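Student: Take this structure first; my questions come after.
The values are calculated or read from the model by the stated rules, or taken from the named source; none is laboratory data. Please read these numbers as outputs of a predicted model, since none were measured by experiment. For neighbour counting, all protein chains shown are included, and Cβ atoms are generated from backbone atoms with ideal geometry for every residue, glycine included. For accessibility, only protein heavy atoms count, side chains too; no ligands or nucleic acids. Shrake-Rupley method; radii C 1.70, N 1.55, O 1.52, S 1.80 Å.
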Amino acid sequence: MTVAAGVVEVRDRGVGIAPEDLPHVFDRFYRAADARTLPGSGLGLAIVRQVAEAHGGAATAEPAPGGGTIMAIRLPV
């Protein structure tokens, strides 16, 4: 995890998020096909985005170099 200049980034080294799922990960109740058998409601990342936007910022998800995902919250400083 890194925190600098209003940006909090968290990186994992898992399998990553499929390219077709990336545009939807912040949508309410969205669950990737591989995650539908796991616990959860699909609200967590939607709440993250809503809170970031309520403070004038944004939440993003992107593939990490070498695998995994980088999730970021960017807030104005």
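Student: (1) part of a helix (DSSP H, G or I); (2) at pLDDT below 95; (3) more than 13 Å from the chain's Cα centre (by Cα): which one isn't true of E53, the others all being true?
Tutor: (2)
Student: On to the next question. Assess whether A35 counts as being open to solvent by less than 80 Å² (accessible area, probe 1.4 Å) and either in contact with a helix residue (DSSP H, G or I) (Cβ under 9 Å, 6 or more places away or on another chain) or basic (K, R) (or both).
Tutor: Taking the combined requirement at face value, the residue does not satisfy it.
Student: Give A46, A59 a once-over and let me know the one that is among the small types (G, A, S), in contact with a strand residue (DSSP E or B) (Cβ under 8 Å, 6 or more places away or on another chain) and surrounded by 14 or more Cβ atoms within 10 Å (Cβ to Cβ).
Tutor: A59
Student: Being assigned to a loop (DSSP other than H, G, I, E, B) and in contact with a Pro (Cβ under 6 Å, 6 or more places away or on another chain): is that true of G42 here?
Tutor: For G42, the condition - assigned to a loop (DSSP other than H, G, I, E, B) and in contact with a Pro (Cβ under 6 Å, 6 or more places away or on another chain) - is not met.
Student: Select from region 15-29 the residues that are open to solvent by less than 60 Å² (accessible area, probe 1.4 Å), part of a loop (DSSP other than H, G, I, E, B) and closer than 30 Å to V77 by Cβ and list them in ascending order.
Tutor: Result: G16, I17, V25, F26, D27.
Student: I would also like to ask the following. What is the residue count in region 62-73 for residues that are in a strand (DSSP E or B) and either modelled with pLDDT under 95 or open to solvent by 90 Å² or more (accessible area, probe 1.4 Å) (or both)?
Tutor: Counting residues in region 62-73 that are in a strand (DSSP E or B) and either modelled with pLDDT under 95 or open to solvent by 90 Å² or more (accessible area, probe 1.4 Å) (or both) gives 0.
Student: Going by the structure shown, is A52 in contact (Cβ under 8 Å) with a residue 12 or more places away in the chain, open to solvent by less than 50 Å² (accessible area, probe 1.4 Å) and hydrophobic (A, V, I, L, M, F, W, C)?
Tutor: yes
Student: Among (1) among the acidic types (D, E); (2) in a strand (DSSP E or B); (3) open to solvent by 70 Å² or more (accessible area, probe 1.4 Å), which single condition is E9 missing?
Tutor: The one condition E9 does not meet is (3).
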